[in-house]
Amino acid sequence: MTHVKIPAAAIAACAVLATDASAQTAREIRGASPYVAVENEPAPKLIVDPPLPEGLAIGVFWAQYRVENVRIVQVFGAGARQVSPRIGHLHITVDDLPWWWADASDNNTVDIAGLPAGPHQVTIALVDADHNVFPGQATTLKFVVPEHQKTSHAGHHK
């Protein structure tokens, strides 16, 4: 068996790198614990990326999102307003249609299939449990779907 002597400085450097890699706490990444009420919660925030070009090429809108200072869950109504940390969900509207749908899945990506070629817009709003938009937390993405082969509901080309 061969023994290799590793300088103490190399060991110390590895320890520092390992410490820096895990410097963020769970709370910094995941937010407050659901077991403790949060006093004076910061305002909710919605961050939405542009639609993925891979989806637009086939008539599908995929836009990744994340939220801060709010949890996306399937809880609605007046009682849900008293929950801490605060909860909410998304409302999604396509092309200024008069209706929207609610998404409380928190799956990180809005997915809308079957868009015809041409210009479109999708509005994604972060709302409270009573469906009220948190102030300033709606994003409208304008995009163009190129000519493409139509896909069926199962995602297969017709």
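The values are calculated or read from the model by the stated rules, or taken from the named source; none is laboratory data. No experiment lies behind these values; they were computed from the predicted model shown. We place every Cβ from the backbone using ideal geometry, glycine too, and count neighbours over all the protein chains shown. Protein only, heavy atoms only, side chains kept; ligands, DNA and RNA dropped before computing areas. Shrake-Rupley method; radii C 1.70, N 1.55, O 1.52, S 1.80 Å.
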Within segment 44-68, work out how many residues are assigned to a loop (DSSP other than H, G, I, E, B), touching a strand residue (DSSP E or B) at 6+ places or on another chain (Cβ under 7 Å) and more than 19 Å from SER105 (Cβ to Cβ).
-> 3
Every pair of residues 6+ apart whose Cβ atoms lie under 9 Å, when the first sits in segment 134-158 and is farther than 16 Å from ILE92 by Cβ and modelled with pLDDT under 95 while the second is among the polar types (S, T, N, Q) and assigned to a loop (DSSP other than H, G, I, E, B) | HIS157/GLN149; LYS158/GLN149; LYS158/SER152
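Across segment 105-115, what is the number of residues that are among the hydroxyl-bearing types (Ser, Thr, Tyr) and assigned to a loop (DSSP other than H, G, I, E, B)? Let's see the steps before the verdict.
We begin by selecting, within segment 105-115, every residue among the hydroxyl-bearing types (Ser, Thr, Tyr); these are 105, 109.
Filter again for assigned to a loop (DSSP other than H, G, I, E, B), leaving 105.
Number of matching residues: 1.
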Specify the residue that is farthest from ALA37 (Cα to Cα); the eligible residues are those in segment 72-93 that are more than 18 Å from the chain's Cα centre (by Cα) and aliphatic (A, V, I, L, M).
-> ALA78
Does at least one position in segment 30-38 carry a residue that is at pLDDT 85 or above and small (Gly, Ala, Ser)?
-> no
Picked from segment 116-138 (must be assigned to a strand (DSSP E or B) and open to solvent by 40 Å² or more (accessible area, probe 1.4 Å)), the residue nearest to ALA102 (Cα to Cα) is VAL133
